[in-house]
Amino acid sequence: MASFTELETWKQARKIRNMVSALVKTFPSEEKYRLNDQIIRCSRSIGNNIAEGHGRFHYQDNIHFCIIARGSLSETLDHMIVALDEKLIPEDFLQSFQIEYDQCLKLLNGYIQFIKRKKNNELD
């Protein structure tokens, strides 16, 4: 694979990042340096880490960055739950986000397993 932009997991991370980016524009201004900043950073970190791992020479490095991306994905979901609790988003928005989250998690876990198989085949 020539570019990280061809990875389905990166494409799904991009979708989540864009979803978050549009959402925070609706948050009140007092959240600018609180929830806005946090949720934007972790949603960007998902794709950033997938891309960085893809650019690494060693499989283990790629796995490591994908695991970090998975943590950022979970952090993004937690911030969405905070937004729900603070009445910044409705329940149905969180439910639609959960669908995108689940898809990204599934793709990311599958990609991690793929890299592990490639790593193990290289060692044989």
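The values are calculated or read from the model by the stated rules, or taken from the named source; none is laboratory data. Given the structure is predicted, the values throughout are model-derived calculations rather than measurements. Note that each Cβ is placed from the backbone with ideal geometry, even for glycine, and that neighbours are counted across all protein chains shown.
Pick from region 46-91 the residues that are buried (at least 18 other Cβ atoms within 10 Å of the Cβ) and polar (S, T, N, Q): which of them is farthest from LYS25 (Cα to Cα)?
This residue is ASN62.
Which members of region 1-26 meet the condition of being hydrophobic (A, V, I, L, M, F, W, C) and at pLDDT below 95?
Selection gives MET1, ALA2.
So, in region 1-45, of the ones that are surrounded by 15 or more Cβ atoms within 10 Å (Cβ to Cβ) and of a type in the set (Phe, Trp, Tyr), which residue ends up farthest from PHE93 (Cα to Cα)?
Ranking the candidates gives PHE4 first.
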